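Step one of this worksheet: look at the structure below.
The values are calculated or read from the model by the stated rules, or taken from the named source; none is laboratory data. Predicted, not measured: the structure shown is a model, and the values here were computed from it. Positions of Cβ are backbone-derived with ideal geometry, glycine not excepted, and every protein chain shown enters the neighbour counts.
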Amino acid sequence: MKQKQQLPDRLLEARKKKGISQQDLAQQAKVHFTNVGKYERGEAVPAADILNRIAKALDVTNDYLLNGTMQDKSADAISDEELLSQFRKIEKLPDDKKKLVKEFLDAFIFKADLQKQLAS
């Protein structure tokens with residue numbers, strides 16, 4: 001019988017899936033990199049605020065890390081892999097560039113909605 005995955009296993013799996021090192025995760029989650037190793041080996045359990053930052057850095061939910069009951073939140077929301085990849089790239093842009101992309105998307109969606117309403 002296969003043992004149910006635990007937090008350390010899911011944490012390691014999510015980090016590898018994202019393709020980042022323990023050092024990268026530590027930097028993004030604002031913890032010391034040795035702590036990431038301890039969490040992955042099950043030698044320590046992250047506090048709630050740290051778990052939240054880790055989940056955000058890994059693009060998963062806290063619930064997934066703790067219980068394994070939810071999928072990658074971005075994959076649940078977006079099924080188009082190309083679009084998901086583009087959003088991940090946008091997420092890494094500086095804030096001013098992200099703002100421009102959001103404004104462009106808002107304008108494009110507004111125009112599409114308006115055209116749809118006018119056609120009705």
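Points to keep in mind about this one:
- Scanning the stretch 10-26 for residues that are exposed (fewer than 15 other Cβ atoms within 10 Å of the Cβ) and either among the hydrophobic types (A, V, I, L, M, F, W, C) or outside any loop (DSSP other than H, G, I, E, B) (or both) yields Lys16, Lys17, Gln23.
- Residues that are part of a loop (DSSP other than H, G, I, E, B) and touching a residue at least 24 places away in the same chain (Cβ under 8 Å), drawn from the stretch 27-55: Gly42, Val45
- Residue match in the stretch 1-19 (condition: over 23 Å from Thr69 (Cβ atoms) and touching a helix residue (DSSP H, G or I) at 6+ places or on another chain (Cβ under 7 Å)): no
- Residue in the stretch 60-79 that is over 30 Å from Thr34 (Cβ atoms), out of contact with any helix residue (DSSP H, G or I) (no Cβ under 9 Å at 6 or more places or on another chain), surrounded by fewer than 10 Cβ atoms within 10 Å (Cβ to Cβ) and at pLDDT below 85 present: yes
- Condition met for Gly19 (of a type outside the set (Lys, Arg), closer than 21 Å to Glu91 by Cα and without any contact (Cβ under 8 Å) to a residue 60 or more places away in the chain): yes
- Filter result for Ser85 (at negative phi and either in a helix (DSSP H, G or I) or in contact (Cβ under 8 Å) with a residue 12 or more places away in the chain (or both)): yes
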